[in-house]
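The values are calculated or read from the model by the stated rules, or taken from the named source; none is laboratory data. Remember, it's a predicted structure, so these values are computed and weren't measured experimentally. Note that each Cβ is placed from the backbone with ideal geometry, even for glycine, and that neighbours are counted across all protein chains shown.
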Amino acid sequence: MRIMLPAALALLSATVPATAHAATPIAGRYVTEDGAGIVTIGPCGGSVCGKLTTILRKRPGAADTDVNNSDAALRKRPVLGMPILSEFTDAGKDWRGKIYDPRNGKTYKSIVAKNADGTLAVKGCIAFFCKTQTWRPAK
């Protein structure tokens, strides 16, 4: 009987499914690391996305449209209101999707996670090389 009880408990624990962890929600308004704009993040169909909703500091000589986009059809779209984060899905401990940089017209793989202090760690990646920015909540 002593051998059967531990074996039964081991078998039972093996059949109980592991609890899936969900990433901390990232919806909200955030000031970009350089303080140039506010990105509003929220639901977007079946995923999460973020749009540039406020320009706080325009770079001298910067265009008002997406002039650096590799797709010529998108070069006339306004920067204000432009999708910056797209196709983000919950990956357990973080959110994974794409980030667009209108300054160079390139899209990168991205990983976003909410920090304990309410800021966002926003990574843009090429292969396994990533650059991280910290975006703070907008007031």
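Being free of Cβ contacts under 8 Å to residues at least 12 places away in the same chain and part of a loop (DSSP other than H, G, I, E, B) is the requirement here; does Ala116 meet it? The answer is yes for Ala116. On inspection, Thr53 does not qualify as free of Cβ contacts under 8 Å to residues at least 60 places away in the same chain, exposed (fewer than 13 other Cβ atoms within 10 Å of the Cβ) and assigned to a strand (DSSP E or B).
Only one of the numbered conditions (1) without any contact (Cβ under 8 Å) to a residue 60 or more places away in the chain; (2) crowded, with 17+ Cβ neighbours inside 10 Å is not met by Phe88, and that is (1). Whenever a residue of segment 66-85 is without any contact (Cβ under 8 Å) to a residue 40 or more places away in the chain, its partners that are surrounded by 13 or more Cβ atoms within 10 Å (Cβ to Cβ) and assigned to a helix (DSSP H, G or I), lying with C-beta atoms within less than 8 angstrom and at least six residues away or across chains, give the pairs Asp66/Leu74. Taking the listed residues Lys98, Lys106, Lys114, Lys123, the one that is surrounded by 14 or more Cβ atoms within 10 Å (Cβ to Cβ) and touching a Cys at 6+ places or on another chain (Cβ under 7 Å) is Lys123, with no other qualifying. Scanning segment 27-41 for residues that are under 21 Å from Lys98 (Cβ atoms) and exposed (fewer than 14 other Cβ atoms within 10 Å of the Cβ), which turns out nearest to the chain's Cα centre (by Cα)? Taking the candidates together, the pick is Ala27.
Just one residue in the set Thr134, Thr119 is within 18 Å of Gly28 (Cβ to Cβ) and in contact with a Phe, Trp or Tyr (Cβ under 7 Å, 6 or more places away or on another chain); that residue is Thr119. The number of residues in segment 126-139 that are exposed (fewer than 12 other Cβ atoms within 10 Å of the Cβ) and either in contact with a helix residue (DSSP H, G or I) (Cβ under 8 Å, 6 or more places away or on another chain) or part of a loop (DSSP other than H, G, I, E, B) (or both) comes to 3. Looking across Ala73, Ala22, one residue alone is out of contact with any Ser or Thr (no Cβ under 8 Å at 6 or more places or on another chain) and either at pLDDT below 95 or in a loop (DSSP other than H, G, I, E, B) (or both). It is Ala22. Listed by first and then second residue, the pairs linking a residue in segment 124-139 that is touching a residue at least 40 places away in the same chain (Cβ under 8 Å) to a residue that is among the polar types (S, T, N, Q) and surrounded by 12 or more Cβ atoms within 10 Å (Cβ to Cβ), with Cβ atoms under 6 Å apart and 6 or more places separating them unless they lie on different chains, are Thr134/Thr119; Trp135/Thr32; Arg136/Thr119.
May I ask you to list the residues in segment 82-96 that are within 13 Å of Thr40 (Cα to Cα) and either outside any loop (DSSP other than H, G, I, E, B) or polar (S, T, N, Q) (or both)? Selection gives Pro83, Ile84, Leu85, Ser86.
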